[in-house]
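The values are calculated or read from the model by the stated rules, or taken from the named source; none is laboratory data. Computed from a predicted model, the values in this text were never measured in an experiment. Counting neighbours? That spans all protein chains shown, and the Cβs are built from the backbone with ideal geometry, glycine included.
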Amino acid sequence: MSKFYSYSRLETFEKCPLKFKFKYIDKIIPEVEKTIEAHLGKLVHSALEWLYKEVKNKKTPSIDELIKFYVSEWEKEFTPKIIVVRKEMTFGDYLNKGVEFLAAYYLKNKPFDDNTIEVEKQINLSLDDEGKYKIRGFIDRLTYNLSTGEYEIHDYKTANSPSIESLKNDRQLSLYSLAIKELFGKDKEVRMVWHFLALNKKFHIKKTNEELTALKEEVKRLVEKIEATNDFPPKKSALCSWCEYKSICPAWGNAPPKIEKQKSLEEIKEENSKPLDIWG
Ligand code: SF4
């Protein structure tokens, strides 16, 4: 049976093993549902997903319709359990940020004719020949560039500033590139495209098959390390301010809740091998 990992699981483990345990092993539902940044990111992604689905159905929405969709989804999914870490900012400021991102993206990219094949495309990538460990994820948007003959993996970012180095080291889109090559042919060219919405700019990189194969090995080793781990220490960092588990984190002098029946690691790993519904 295959064991599934998502990019965000791997990232969570590396950033803080204790948070990984709280979230994916103990499955603790935090009091704080999400951060405002996560809410903003999700809603902007939903609006762009809706836009491109409409375009595929030959019904290009107007800019007003796009903003209306975003605002109504924001209201539907809003909960007071969302935290705002930056005290100088209000919920309204974040709502407006999304409006600005979407309006600028719309004006720059209309008529959205870059040959979108699929939005929110699910990918599964085996890390080994036996399919023991698999990566599952979703590509924001996949296009086929008719001028260059390249597949393009598009990813939207609502965070502020990228560095070229961080994009070169980005594992998420590289893993997705590998999955696309496995689907359409290893000889196909795949370009990774990041849209930094706060800057209204896109950045793109292509990796060689050798670079992608080396990355797959690196990720496989990381998965094997997680599988072999029994110790999940906290790792304090600036990110703790945005952590939904801070109120139960011993690194901050708080007591974690008692887990009713402590499952064996084998039971937990078996459970985690089931396909996940949510890849947050
Ligand atoms: S508050 Fe910080 S140290 Fe504690 S679980 Fe969250 S990320 Fe880890």
*Which condition number does ILE164 fail, the rest of (1) in contact with a Phe, Trp or Tyr (Cβ under 8 Å, 6 or more places away or on another chain); (2) modelled with pLDDT of 95 or more being met?*
(2)
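Check PRO80, PRO30, PRO17 and return the single one that is over 19 Å from LEU197 (Cα atoms) and touching a Pro at 6+ places or on another chain (Cβ under 7 Å).
On the way: PRO80 fails: touching a Pro at 6+ places or on another chain (Cβ under 7 Å); PRO30 fails: touching a Pro at 6+ places or on another chain (Cβ under 7 Å).
None of the others qualify; the one that does is PRO17.
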*Say we look at the stretch 12-53 and pick out the residues that are of a type in the set (Ser, Thr, Tyr) and closer than 17 Å to LYS235 by Cα; which of these is nearest to the chain's Cα centre (by Cα)?*
THR12
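Let's see how each residue does on (1) under 30 Å from GLU227 (Cβ atoms); (2) of a type in the set (D, E, K, R); (3) within 16 Å of the ligand (Cβ to nearest atom):
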{"site": "LEU18", "(1), (2), (3)": "yes, no, yes"}
{"site": "ILE28", "(1), (2), (3)": "yes, no, yes"}
{"site": "LEU48", "(1), (2), (3)": "no, no, no"}
{"site": "THR60", "(1), (2), (3)": "no, no, no"}
{"site": "GLU73", "(1), (2), (3)": "no, yes, no"}
{"site": "LYS76", "(1), (2), (3)": "no, yes, no"}
{"site": "VAL85", "(1), (2), (3)": "no, no, yes"}
{"site": "GLU88", "(1), (2), (3)": "no, yes, no"}
{"site": "LYS97", "(1), (2), (3)": "no, yes, no"}
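What tally of residues in the stretch 224-254 results from selecting those that are in a loop (DSSP other than H, G, I, E, B), within 22 Å of LYS87 (Cβ to Cβ) and near the ligand (Cβ under 7 Å from one of its atoms)?
Going through the stretch 224-254, the residues in a loop (DSSP other than H, G, I, E, B) turn out to be 229-237, 243-245, 249, 253-254.
After this cut, where a residue has to be within 22 Å of LYS87 (Cβ to Cβ) as well, the list is 236-237, 243-245, 249, 253-254.
Restricting the remaining residues to those that are near the ligand (Cβ under 7 Å from one of its atoms) gives 236-237, 243, 245, 249.
Qualifying residue count for the region: 5.
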*Under 8 Å by Cβ, and 6 or more places apart or on different chains, what pairs join a residue from the stretch 106-130 that is over 17 Å from GLU150 (Cβ atoms) with one that is polar (S, T, N, Q)?*
LYS108/ASN200; LYS110/THR60; PRO111/THR60; PHE112/THR60; SER126/SER2
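Residue-wise test of (1) in contact with a strand residue (DSSP E or B) (Cβ under 9 Å, 6 or more places away or on another chain); (2) among the polar types (S, T, N, Q); (3) modelled with pLDDT under 95.
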{"site": "ALA104", "(1), (2), (3)": "no, no, no"}
{"site": "GLU118", "(1), (2), (3)": "yes, no, no"}
{"site": "GLN122", "(1), (2), (3)": "yes, yes, no"}
{"site": "LYS132", "(1), (2), (3)": "yes, no, yes"}
*Can you tell me which residue among GLU218, GLU267 is modelled with pLDDT under 95 and either away from the ligand (no atom under 16 Å from the Cβ) or out of contact with any Gly (no Cβ under 6 Å at 6 or more places or on another chain) (or both)?*
GLU267
*Give the stretch 113-158 a look and list any residue that's surrounded by fewer than 18 Cβ atoms within 10 Å (Cβ to Cβ) and part of a loop (DSSP other than H, G, I, E, B), or say none.*
ASP113, ASP114, ASN115, ASP128, ASP129, GLU130, GLY131, LYS132, LEU146, SER147, THR148, GLY149
*Consider VAL99 against the criteria (1) under 20 Å from LYS34 (Cβ atoms); (2) hydrophobic (A, V, I, L, M, F, W, C); (3) in contact (Cβ under 8 Å) with a residue 40 or more places away in the chain: it satisfies all of them except one. Which criterion is unmet?*
(3)
_Looking only at the stretch 202-239, how many residues end up being among the hydroxyl-bearing types (Ser, Thr, Tyr) and within 30 Å of GLU152 (Cα to Cα)?_
2
*Output the qualifying pairs, or none if there are none: Cβ atoms under 8 angstrom, residues six or more apart or on different chains, first residue in the stretch 217-238 and assigned by TED's automatic domain parsing to the domain that holds LEU125, second residue of a type in the set (Gly, Ala, Ser) and more than 16 Å from the ligand (Cβ to nearest atom).*
none
